[in-house]
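The values are calculated or read from the model by the stated rules, or taken from the named source; none is laboratory data. The shown structure was predicted, so the numbers you read here are calculated from the model rather than taken from an experiment. A quick note on method: Cβ atoms are made from the backbone with ideal geometry, for glycine too, and the neighbour counts reach across all protein chains shown. All accessible areas refer to the heavy atoms of the entire protein, side chains included, with ligands and DNA or RNA removed. Shrake-Rupley method; radii C 1.70, N 1.55, O 1.52, S 1.80 Å.
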Amino acid sequence: MSKYQVLSESTPNLPWQDAPKNLQGPIWRYSNNPIIERNPVPGIARIFNSAVVPWHDGGFIGVFRAETTATLPHLRVGRSADGINWTIADRPIDFKDENEKSWNPYYAYDPRVTKIGESYYVTWCTEFHGPAIGLARTDNFVNFTRLENPFIPFNRNGVLFPRKIDGEYAILSRASDNGHTPFGDIFLSRSKDLVYWGKHRHVMERGGSGWWQGLKIGAGPTPIETSEGWLVFYHGVCNTCNGYVYSLGGAILDLENPAIVKYRSRNYLLTPEMPYEEVGFVPNVIFPCATLQDAKTGRIAIYYGAADSTVALAFTTVDLAIDFIKSTTESIGRDQTDGKG
Ligand code: BMA
């Protein structure tokens, strides 16, 4: 029986490995990482930063960031029986607008997939006179209907909450620039209809008592509803003399008002240490985009892009993650506002 509860659907067959005996942090890696290697499909050089969800009959499905040998990113559907071995579609997702007219972005990357009710919503970084958040709905992962882009450019790392809060949809996002964005905090916005977004609130700022997240932070997987609050994993970026380093951070947001940060770890939960994280197209990147969790056991599987080159998998439990975040929360300071400040 776990101390904290995951308050969402059970996924008893999520991929899993027990923690190693010498576990140091709250998260441990899958021993056969990476699970999707370079050149995984003809014409595709790299798949990384991708999002998966449970699918029918105990299987899994997802939206993957595929980068062509022309180094252009687009999104593809992938399917898996075990969450580890993936079959990637041989063509990009063909997005339509609400009138069935083709609406495909010039580029698309860093997808997240969130189930709300019986529908699945994909958010990603889309081309809209510069990078902005794209939004689409699907019920079957065959037909994808694009909805209005939630925000004007520039914005990245748009991540929906898995249920309405106070009768409204909620999304995390990060205002950015047209390039590699040397700044960035996480904001919350709300909408009654997934079209008009407002009531913008500041949630967390870069820094947070740790240089590993001193440059910018961005939301990661869909927030996990737990008895302690919304468990969020995110990426925090450090600026070094040799470039950016992306680590994985964790925080807990208030269930009823997720603009309120209850706890936020001053230490990273995972940082690039393995060769496949430290070496690749972009070195030193851990970029989490999805989790699977099981309400019964409290197990959590985390999917992350490694070095912008491959997809990797790591594990934690709701107890280990929340206890770590709580025990390493130093002071919330300016983050503990209602965001109006
Ligand atoms: C960000 C995004 C991510 C990428 C990261 C590291 O700005 O482009 O897709 O993983 O940089 O290169």
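To keep it simple, each residue is scored yes or no on (1) within 20 Å of Asp193 (Cα to Cα); (2) open to solvent by less than 60 Å² (accessible area, probe 1.4 Å); (3) within 16 Å of the ligand (Cβ to nearest atom); (4) in contact with a Pro (Cβ under 9 Å, 6 or more places away or on another chain).
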site	(1), (2), (3), (4)
Ala81	no, no, no, no
Asp97	yes, yes, no, no
Ser102	no, no, no, no
Ile116	yes, yes, no, yes
Checklist entry - Could you list, in sequence order, the residues of the range 80-102 that are under 24 Å from Pro221 (Cα atoms) and touching a Phe, Trp or Tyr at 6+ places or on another chain (Cβ under 7 Å)? => result Ser80, Gly83, Ile88, Ile93, Phe95
Next on the checklist: If I filter the range 285-308 down to residues being over 18 Å from Ala19 (Cα atoms) and among the small types (Gly, Ala, Ser), which single residue comes out as nearest to the ligand (Cβ to nearest atom)?
Outcome noted: Gly305
Checklist entry - Could you give every pair whose Cβ atoms fall below 6 Å, whose first residue belongs to the range 228-255 and is touching a residue at least 24 places away in the same chain (Cβ under 8 Å) and within 11 Å of Ile217 (Cα to Cα), and whose second residue is basic (Lys, Arg) and buried (at least 23 other Cβ atoms within 10 Å of the Cβ), counting only separations of at least 6 or pairs across chains? => result Val237/Lys216
Item to check | Criterion violated by Asp18 - all others in (1) more than 18 Å from Asp110 (Cβ to Cβ); (2) under 21 Å from the mean Cα position of the chain (by Cα) satisfied | outcome: (2)
Item to check | Matching residues in the range 43-56 - criterion: being more than 19 Å from Phe287 (Cβ to Cβ), in contact (Cβ under 8 Å) with a residue 24 or more places away in the chain and surrounded by fewer than 18 Cβ atoms within 10 Å (Cβ to Cβ) | outcome: Gly43, Trp55
Item to check | Where a residue in the range 91-102 is closer than 9 Å to Arg146 by Cα and its partner, wherever it lies, is among the basic types (Lys, Arg) and loosely packed, with under 11 Cβ neighbours inside 10 Å, with Cβ under 6 Å and at least six apart | outcome: none
Next on the checklist: Residues that are away from the ligand (no atom under 16 Å from the Cβ), closer than 26 Å to Phe324 by Cα and out of contact with any His (no Cβ under 8 Å at 6 or more places or on another chain), at least 3 per element: which strands (runs of 3 or more DSSP E) completely within the range 132-247 meet that?
Outcome noted: 198-204, 224-226, 229-240
Checklist outcome for this item: Given the conditions (1) within 13 Å of the ligand (Cβ to nearest atom); (2) closer than 15 Å to Asn49 by Cα; (3) crowded, with 22+ Cβ neighbours inside 10 Å, every one holds for Phe281 apart from (3)
Checklist entry - Do we find that Ala19 is open to solvent by less than 40 Å² (accessible area, probe 1.4 Å) and touching a strand residue (DSSP E or B) at 6+ places or on another chain (Cβ under 7 Å) in this structure? => result no
Next on the checklist: Quick check on the range 123-130. Is at least one of its residues more than 16 Å from the ligand (Cβ to nearest atom), out of contact with any helix residue (DSSP H, G or I) (no Cβ under 6 Å at 6 or more places or on another chain) and not in a strand (DSSP E or B)?
Outcome noted: yes
Checklist outcome for this item: Selection from the range 282-335 of residues under 24 Å from Met204 (Cα atoms) and of a type in the set (Ser, Thr, Tyr) yields Thr291, Tyr303, Tyr304, Thr316, Thr317, Ser327, Thr328, Thr329, Ser331
Checklist entry - Given the conditions (1) touching a residue at least 12 places away in the same chain (Cβ under 8 Å); (2) on the phi < 0 side of the Ramachandran plot; (3) surrounded by fewer than 17 Cβ atoms within 10 Å (Cβ to Cβ), which single one is not true for Ile133? => result (3)
